[in-house]
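A.B. asks: Have a look at the structure that comes next, please.
The values are calculated or read from the model by the stated rules, or taken from the named source; none is laboratory data. This is a predicted model, so every value here is computed, not measured. When we count neighbours, we look across all protein chains shown, and the Cβ atoms used for this are built from the backbone with ideal geometry, even at glycine. Please note that ligands, DNA and RNA were not included when accessible areas were found on the heavy atoms of the full protein model with its side chains. Shrake-Rupley method; radii C 1.70, N 1.55, O 1.52, S 1.80 Å.
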Amino acid sequence: MSLPRLGFLGIGWIGQHRLQALLDEQLCEVVAIADPSPEVQSKARELAPQAAVVDTLDQLLAHTLDGVVIATPSALHAQQAMQALERKVAVFCQKPLARTAQETRAILNAAREADRLLGCDLSYRHTEAMRRIRNEVVEGAIGKVYAIDLVFHNAYGPNKGWARDMQLAGGGCAIDLGTHLVDLALWVLGAPPAAKVSSSLFARGRRLPVRPDEVEDYAIATIETAEGTAIRLACSWEISAGRDAIIEAHFHGERGGASMRNRNGSFFDFVAERYDGSRVTTLSQPPDAWGGRAACDWARRLQAGARYEPAIESLQQVATLMDAIYGR
């Protein structure tokens, strides 16, 4: 079975990392790379010297491709993904898939109509820690989950100007960090519908109005599912956390609990634990090289001939909840 012929659009830090992961696993033929930066293009030639290096998506799609990996600013995702899908090219896109539920729906519709595989880089699903926790919940080991606490505090903020522009990014820390956490909660629970959403957004300590026109650096939200599960979310940029990051997902069940948490402020090292009263059982711990697994999983399915998969439509629910958090 031949390797999928891929193009890479945007080859900054994340794009380079995903490209390297696919090359390390020998899961693709890198046909072309598109990025307008001469410096980045130079790096791309080092990573994939056999690939054509171009400036634009149009030039990228001029090559014969099976799929495109998109790692560009959020404002560009919808148009770029749909342009590729309209050319019958599969898409793997950096999160969030789009800025709003409306944009997300348009991408899903384009993928369904083209019957092409669509993937999104919701990478925390692929950590061993979250896989083990999901197994605990699905197998009923902790009983019915009645509450989930989600935390992603980042002592740093994004260094890209577009990420702090509401129109370009679709929001601040909630969409940047909270998207991962909301997706994890729904993925573990089996995507129950939401009954109620409330939120408070802040910028530099100042509470923002409903439908803010500036991005938040601190957000708290509560989501109540139709089944009665309470999901609490807190996330921030540039908070005084005493470490680089605090990343946690705690699942509280009728017969026990389970959690994923980062170790020593790391963005990459996660521990999974099961709780029974005061007793702790370790489910998984570092090391775990999970960063490129989402892209590699997509590439393997693409190579196997996968077309449109309805499971990707869970992202519509995530996007709808993010819209509710922003009062849209």
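A.B. asks: Hey, among Leu22, Leu47, Leu57, which residue is at pLDDT 95 or above, farther than 23 Å from Trp162 by Cα and either in contact with a helix residue (DSSP H, G or I) (Cβ under 9 Å, 6 or more places away or on another chain) or buried (at least 21 other Cβ atoms within 10 Å of the Cβ) (or both)?
C.D. replies: Testing whether each residue is at pLDDT 95 or above, farther than 23 Å from Trp162 by Cα and either in contact with a helix residue (DSSP H, G or I) (Cβ under 9 Å, 6 or more places away or on another chain) or buried (at least 21 other Cβ atoms within 10 Å of the Cβ) (or both) leaves just Leu22.
A.B. asks: How many of the residues making up region 187-212 are open to solvent by less than 40 Å² (accessible area, probe 1.4 Å), in contact (Cβ under 8 Å) with a residue 60 or more places away in the chain and either out of contact with any helix residue (DSSP H, G or I) (no Cβ under 6 Å at 6 or more places or on another chain) or farther than 18 Å from Thr127 by Cα (or both)?
C.D. replies: Count: 2.
A.B. asks: Just wondering, is there one or more residues in region 66-86 that are part of a helix (DSSP H, G or I), open to solvent by less than 60 Å² (accessible area, probe 1.4 Å) and at pLDDT below 95?
C.D. replies: No, that holds for no residue.
A.B. asks: Could I ask something else about it? For region 105-128, which positions are in a helix (DSSP H, G or I) and more than 14 Å from Gln83 (Cα to Cα)?
C.D. replies: Arg105, Ser123, Tyr124, Arg125, His126, Glu128
A.B. asks: So, in region 243-263, of the ones that are assigned to a loop (DSSP other than H, G, I, E, B) and in contact (Cβ under 8 Å) with a residue 60 or more places away in the chain, which residue ends up surrounded by the most Cβ atoms within 10 Å (Cβ to Cβ)?
C.D. replies: Asp244
A.B. asks: So Val53 clears everything in (1) in contact with a strand residue (DSSP E or B) (Cβ under 6 Å, 6 or more places away or on another chain); (2) assigned to a loop (DSSP other than H, G, I, E, B) except one condition, right? Which one?
C.D. replies: (2) is the only condition that Val53 fails.
A.B. asks: Here's another thing I want to ask about it. May I ask you to list the residues in region 59-79 that are of a type in the set (Gly, Ala, Ser) and out of contact with any Leu (no Cβ under 9 Å at 6 or more places or on another chain)?
C.D. replies: The one that is of a type in the set (Gly, Ala, Ser) and out of contact with any Leu (no Cβ under 9 Å at 6 or more places or on another chain): Ala62.
A.B. asks: Taking Val215 and the conditions (1) β-branched (Val, Ile, Thr); (2) part of a loop (DSSP other than H, G, I, E, B); (3) touching a helix residue (DSSP H, G or I) at 6+ places or on another chain (Cβ under 6 Å); (4) over 17 Å from Ile325 (Cα atoms), which numbered condition does it fall short on, given that it satisfies the others?
C.D. replies: For Val215, the failing item is (4).
A.B. asks: Which of the residues that make up region 264-313 are open to solvent by less than 50 Å² (accessible area, probe 1.4 Å), outside any loop (DSSP other than H, G, I, E, B) and within 19 Å of Leu122 (Cα to Cα)?
C.D. replies: Passing the criteria: Phe270, Val271, Ala272, Ala294, Ala295, Cys296, Trp298, Ala299, Leu302, Ile312.
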